[in-house]
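We did not get these values from a lab; they are worked out from the coordinates using the rules stated. Just so it is clear, the model here is predicted, and its values are computed rather than measured. Cβ coordinates were reconstructed from backbone atoms using ideal geometry, including for glycine residues, and neighbour counts include every protein chain displayed.
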Amino acid sequence: MTFELSTLFALGVGYLIILFGIAYITERGWIPERVVRHPVVYVLSLGVFASVWSYYAATGNAFRDGYGYLAPFIGISMAFLLSPLLLRPILNLTKTYQLSSLADLLSFRYRSPWAGTLTTLVMLLVVMPLLSLQIQAVATTVSLLSPDASETTLAITFCLLITLFSIFFGTGKGSGRERHEGLVMTIAFESLVKLVALLAVGFFAIYKGFGSLDLMEQWVREQPELLRRIKEPAPPGTFQIMVLVFFSAAVATPQMFYMTFHENNHPRALSVASWGLPLYFLLLSLPVLPILWAGLRSGALSPMEYYPVTLGAYYDSELFTLIGFIGGMSAASGLIIVITLALSTMCLNHLILPVWQPSARQDIYRWLLWKRRALIAALIWGGFLFYYMPSDDQSIRAVSSIGLIGSLQFLPAIVALLYWPKGNKKGFMAGLAAGTAIWFVFLVLPVASGTNFFTLGSMNTREIVVLSLICNIALFMMVSLLTRSSTEERISADICSVDNLRRQRRAGLTASSPQEFIAQLTKPLGERTATREVMQALRDLNMDKQDSRPQALRQLRSRLEANLSGLLGPAIAHDLIDRFLPFTSTKESVSADVTAIESRIEAYRSNLSGMAADLDNLRRYHRQILMDLPLGVCSLGPDDQIIMWNHAMETLTGITTEEAVGMHLSEIGNPWYKLLNQFLHGETAHQHKLTINVNGGKRYISLHKAVIEKSTSRRIEQDGIIVLLEDLTETELLEEELAHSERLASIGRLAAGVAHEIGNPITGIACLAQNIRDETSNDELRNMARQIIEQTDRTSRIVQSLVNFAHSGSHNKVDQRHEVVQVAACIDEAIELISLNKKGKHVHFDVHCEPNARILGDSQQLLQVLVNLINNARDASPAESTIHIDGERIAASIQISVADEGSGIPEAIRDRVFEPFFTTKEPGEGTGLGLALVYSLVENLGGHIDIMNATTKRNNPGAKVVLSFPCYDETLNKS
Amino acid sequence: MYIPPSTLIFLVFSYLLFLLSVEWSMQPHGAWYRPLVICFVVIALAAWSFREQNADDL
């Protein structure tokens, strides 16, 4: 069965147009995000690994090696099944530091641009034959189905379409950092197509080739030679070597690295891929044997590798032939697209940019975009040349299979990157060079040229692979152990090693604000790019552009380096950041950032179990103690950077923990900086009752400090100072108040003594004056006597007031009367007494008192209180105004209020009205002891007094005095 | 490095399964798909082992 070339061409072009369509509608957002970002899409996109190597070569391998054909699937599946040990740590690194290829990763870890360059060169050697194999497979398939067609023309057309697709949908907006969702969706679609196609051909093979599954099994049992070949063990080591090669291919081949790490959208997707991808490969390997057996039974003459396509033709089914063809084309095109995208970034970052960089005046994004596009085209057409040049098909297939073995040379460096921090760049490069040299000289050259320039005795391919790997590992270890790692390498090793927490340097930066970052980066990147990158990093960190805390700036620097690494590669990004945003000092280069470590542990907490979880709980408990301590606790690093700032410090200073941590001490502002700085640089460890002005108020602070001793452990190099702040303001105010009260009490006692002493002479004077008034007929003398009596009366009242006040504070509660006092009766009596004084203004009384309002106490004291209050109210009220007196029961208390319509109590003096000798009346009119006496009596009665304005009016709001006493409840008191 | 307990169980079980099943799967008169059945069991166990786990962010 043959097909018209135009049919196959239309089918191929139609299929590629569908790919364009899927990528386009995904990029436009027409497919829901939950579909695009679904883990299944990610798993299917990883199916890009199943290239023509899996689609076509598996059938031939199954015939030759029996179950050995499963080795590639098992190898890659093992890498994913062990993802927590290998892939997940690498994913974390690539996401954090924006590493898009293996060359980026190795260059980042071994801190050498040469590491990236060498990796890229070896990768080109590994991958180019694989690219040409894909082109060859498509061209050969078409020529098998349409023998008259020109393979070369077909290959050129195929390459042209693939180039256009890769350039349109693989280069995105040019930065190279973003995920390409359109591309991922397309590759996932391609994986689905090849799986469905192979399964369909497998079903076709069973039911068309044999009639049923049982008949197929019966046929197989009748082929003892075939069964023996399938189950015959492979030569020792062959299977294991192949498994190892494909295991390392999961990380070391550009297409898998790119799809697994760069296009990963969520860590959970990798968890699903850990079993989803092995399942995909299992499904893909199921139909291989039925297809092989159906092909053998049909007596097909085409090479076994092409049975998935030619089987339909042998059984006269156009549909299944075309299905097989589409499946093969999807396998080839997917791999070419992804490999070229990944390799273009590697070549750009590690071959071109180290020698040719855009100037600051150029649009860097555009420059990079076009270079990447040119590289994609160059790589695809390089693959085409590789396909076009050799004279026979076999050499491409052989070189591509040998080429894949080259990826094994990266395995030692990848494992060491995660698990052996002592490895260094010299060791890595020596090992890789040795292993690659053996692989190239003894495996690639003989197969590519057909001539053995050098021989290693009678060693076979398997033994040469093992030898290259041993040499690689041995040299890597020996050189690493014999040479010193640079400081940069050690930091990088700490970052990559799975047993370490990522540490940040804690030294200061020369640039002190995001604006200065832009200014510094403008020199190499130009203003537009520098601004865009800094703003992007600020957005990534959710950071304010005014934030100039040292810790925040260090985070910004790290983020910028990561972002630039995604743009220019880690080596150039690191060099650029080091040159233009340097640290001020290298003194604290290894000093761990406690905050960063804590945040890492917080993120890791849910994974802790057993003793580690207990230790973490203990750590959190101790930290919480410090945070909740009622004393202000603040710890500072050696560079005066704030490391800890507890809740009490927040309350005291008004600066939150989030703001303070990471700040330099000088940034907290005065008066706190001045206070703490002087204390820190002073000699004494304790200072008591320092006064500072905070927001216009005086605060009293005691300070204590302790030096955090430097640890002897090399891993913990943290030191600094811890400062305790004790706010004594409240205590100081209480003490002042107490002293004031003591002074007042002394004055009261003195006044009472004086009153007692002058009482008798005054009484004598008054008696004598009365005698003169009563006995003389001289009017002038009588008048003078009356004035003397008035003055002595007044003096007596003052003296009596002093005596009362002096006695009020020292009432003996045992002697105090405890009777049920009717509040209403008391109010009436007080009004009656006030009314007797005809000299006062005439006012009205508005009395509302509940009849059952009763308290337990001394009725005379309550009467005295009310008389004083009503008297004051009358003095303050304008004539003919109303004084409101209320008595009501509220819950378990009786509330009595006296409100006037006077000028009210100014806010400024409200706190002082109960002080003795304080009065607002004219001199000579008040003693200033009335309210002080009231206060004292109310306390004696177990009550509470409050004073406020009666209304909210601005003018003459009136004053209102509210008394609260415990209510007398007959039933309760009886019980 | 944090390895979830389920992953450890998976690794040990897979290794034991491999040791015990090699001979069974390669018996001359056994069904041809036996190795694929073993692969399926390992994958099913992996799916259980890797169900909802917290991301190791270290």
Under the definition of partner shielding as Cβ atoms of other protein chains within 10 Å of a residue Cβ, what is the mean value for peptide A:75-87? 3
Between A:Y207 and A:E318, what FRET efficiency follows from the Cβ-Cβ distance if R0 is 25 Å, with the result rounded to 0.05? 0.90
Whole Å is fine, so just give me how far the alpha carbon centre of region A:743-768 lies from that of region B:1-43. 108
Give me a single rounded figure for A:216-223: the average over its residues of other chain Cβ atoms within 10 Å of their Cβ. 1
Taking the mean number of other Cβ atoms within 10 Å as a proxy for protection, how do you rank A:58-64, B:24-30, A:791-797 from highest to lowest? A:58-64, A:791-797, B:24-30
Computed, not fitted: 222 nm per-residue ellipticity of chain A from DSSP H runs ≥ 4 (each -39500 (n - 2.57)), nearest 500, equal to -20000 deg cm²/dmol
Which loop trypsin sites (Lys or Arg not before Pro) in region A:163-237, with loop taken from DSSP, have no more than 16 other Cβ atoms within 10 angstrom of their Cβ? A:K173, A:R179
Name the long-range amide H neighbours of A:T584: under 5 Å, sequence gap of 5 or more, or other chain; modelled H, no Pro or chain starts. A:G508, A:L509, A:T510
By average C-beta atoms within 10 angstrom, highest first, the peptides A:66-75, A:743-752: A:66-75, A:743-752
What does the charge add up to near A:V865, with Lys and Arg as +1, Asp and Glu as -1, over the other residues with Cβ less than 11 Å from its Cβ? -2
Take each uninterrupted DSSP H stretch in chain A, measure its Cα extent along the helix axis, and return the ones at 30 Å or beyond whose mean Kyte-Doolittle hydropathy is at least 0.5. A:5-27, A:113-145, A:181-209, A:318-347, A:364-388, A:461-482
What ratio of Cα Rg to 2.2 N^0.38 Å holds for the protein assembly as shown? 1.51
Which one of A:T94, A:M123, A:Y110 is farthest out on the positive end of the charge dipole of the protein assembly as shown, using unit charges on Cβ (Lys, Arg +1; Asp, Glu -1) and the Cα centre as origin? A:M123
Out of region A:86-193, which GluC sites (Glu not before Pro) are coil in DSSP terms and have no more than 16 other C-beta atoms within 10 Å? A:E178
Under a Cβ-Cβ cut-off of 15 Å, what is the net charge of the residues other than A:M478 that fall near it, where Lys and Arg count +1 and Asp and Glu count -1? +4
Where in region A:441-470 are there chymotrypsin sites (Phe, Trp or Tyr not before Pro) that are in a DSSP coil and have at most 12 other Cβ atoms within 10 angstrom of their Cβ? A:F453, A:F454
For peptide B:35-46, what's the mean number of Cβ atoms from other chains within 10 Å of each residue's Cβ? 5
Restricting to Cα pairs below 8 Å that are 6+ residues apart, what does the relative contact order work out to for region A:163-321? Please round to a whole percent. 31
Give me the net charge for the shell around A:A332: Cβ to Cβ below 11 angstrom, other residues only, Lys and Arg +1, Asp and Glu -1. 0
Do you know the relative contact order of chain A, to the nearest whole percent, from alpha carbon pairs under 8 angstrom that are 6+ apart? 10
Protection proxy (average C-beta count within 10 Å per residue), highest first, orders A:259-267, A:940-948, A:684-692 as A:259-267, A:940-948, A:684-692
